[in-house]
Amino acid sequence: QAHFVESGGGLVQPGGSLRLSCEASGFTFSRYAMRWYRQAPGKEREVVASISQEGRITRYTDSVKGRFTISRDNVKRSAYLQMRSLKPEDTAVYYCNAVETTLATTPLHDWGKGTLLTVSS
């Protein structure tokens, strides 16, 4: 059974930076694209960024383009989200999950607990 452990969240001032990590287990990590999602209070979960199996293709939602960078390490079975120029509207619980491709719509596995990012002065 797939399992995700997200970490790295915290309280950051607007304009600050933070790096999130996602450790995956229970499936063949390198076979799947990986995706970061977030869910802000009172809102639905949304896609933030996706990365292909070998890391050659990345996709971002418009609101984070130029500020966030997704990456992965298949040896460590981990995905990362480097976030810069953070804004209060980035405040959310961040989750990762596997998908078939960077264009796929459906996450493949149950959700982890996520990691909370709060952007506030």
### Message
Going through K87, K76, K113 one at a time, which residue ends up being within 11 Å of F4 (Cβ to Cβ) and open to solvent by 40 Å² or more (accessible area, probe 1.4 Å)?
### Response
K113
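Yes or no, residue by residue, for (1) within 19 Å of G10 (Cβ to Cβ); (2) small (G, A, S):
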residue: G42; (1), (2): no, yes
residue: T61; (1), (2): no, no
residue: T91; (1), (2): yes, no
residue: G114; (1), (2): yes, yes
### Message
Scan segment 23-35 and tell me whether some residue there is modelled with pLDDT of 95 or more, of a type in the set (A, V, I, L, M) and in contact with a helix residue (DSSP H, G or I) (Cβ under 8 Å, 6 or more places away or on another chain).
### Response
no
### Summary
In segment 64-83, residues that are touching a helix residue (DSSP H, G or I) at 6+ places or on another chain (Cβ under 7 Å) and at positive phi total 1
### Query
In segment 90-110, what residues are surrounded by 15 or more Cβ atoms within 10 Å (Cβ to Cβ) and not small (G, A, S)?
D90, T91, V93, Y94, Y95, C96, N97, V99, T102, P107, H109
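The values are calculated or read from the model by the stated rules, or taken from the named source; none is laboratory data. Since the structure is predicted, the reported quantities are computational estimates derived from the model, not experimental observations. Glycine gets a Cβ as well: all are built from the backbone with ideal geometry, and neighbour counts include every protein chain shown. Protein only, heavy atoms only, side chains kept; ligands, DNA and RNA dropped before computing areas. Shrake-Rupley method; radii C 1.70, N 1.55, O 1.52, S 1.80 Å.
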